[in-house]
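Notes follow once the structure below has been shown.
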């Protein structure tokens with residue numbers, strides 16, 4: 001799937017790679033995030049769109065190609081969680097620079113010994129990736145939130161950022177969930193309103209539990225905890 005999203009083909013694949021233990025360039029990450037931000041539609045990134053002569057006449061064009069490589073429903077869940085990272089997670093400081101109404105979705109990243117600091121994020125019309133590190137690979141004492149995120153914020157605050165459209169696809173259902181019981185509960189019960197792909201909602205249905213789960217201060221917490 002990583003390769004389908006635009007990342008490099010990595011073989012053999014080890015379980016630790018699910019946590020990001022692989023080498024990638026900022027361009028690799030930008031290509032992946034282009035696909036994530038486009039609801040699963042992959043379009044190869046290019047530095048050159050066309051070549052023209054001295055009078056401006058096109059000599060060569062490089063037309064865009066678009067291919068759907070991932071399920072928009074699955075991508076919606078991922079985007080929903082990544083927006084939570086910005087709203088209430090490790091990238092929450094971004095709200096001081098970019099209005100929350102833009103709905104920025106992104107992810108901070110920090111490698112072992114703070115050698116690499118990353119932030120990748122997107123708005124409704126732009127994708128940006130920032131990496132901070134040293135040429136000699138020595139520790140930087142920076143995290144994704146303290147090193148890469150401020151650079152991303154400084155760049156994007158001077159750009160026009162279209163708000164993201166977070167309208168759920170037809171295959172997404174929001175369900176009120178008692179997280180402690182891992183069960184669906186009526187909307188009148190304390191719980192967390194969470195998105196699910198249709199058919200994958202919790203099968204167990206319970207009534208309100210006496211002294212059960214208190215309403216969540218942040219409905220994204222169950223998803224955010226997965227990404228922390």
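Of 183, 81, 105, the residue with the greatest mean-square motion in the GNM of the chain, using alpha carbon springs below 10 Å, is 183. A convex hull fitted around the alpha carbon atoms of region 9-121 yields 182 Å³ per residue.
Only Cα sites of region 85-124 enter the Debye sum here, all with the same form factor; the resulting log10 I(q)/I(0) across q = 0.21 1/Å is -0.63, listed in q order.
Across 200, 14, 27, mean-square fluctuation computed from a Gaussian network of the chain (C-alpha pairs under 10 Å connected) peaks at 14. Here the mean projected area of the convex hull built on the C-alpha positions of region 75-183 is 8.7 nm². The simple spin-label model puts a point 7 Å past each Cα toward its Cβ; for residue 50 and residue 206 those points are separated by 6.2 nm. Relative to the longest principal axis of the Cα atoms of the chain, the long axis of helix 26-37 lies at roughly 50 degrees. Calculated from the alpha-carbon coordinates, the chain shows an Rg and a Dmax of 20.2, 77 Å respectively. Relative to the longest principal axis of the Cα atoms of the chain, the long axis of helix 72-88 lies at roughly 90 degrees.
Springs between Cα atoms under 10 Å define the GNM used for the chain, and in it the highest mean-square fluctuation of 45, 159, 149 occurs at 159. In this calculation the C-beta distance from residue 92 to residue 135 is compared with R0 = 35 Å, giving a FRET efficiency of 0.70.
Just so you know, all these numbers are worked out from the coordinates, no wet-lab data involved. Predicted, not measured: the structure shown is a model, and the values here were computed from it. Don't worry about glycine lacking a Cβ; one is built from the backbone with ideal geometry, like all the others, and counts go over all protein chains shown.
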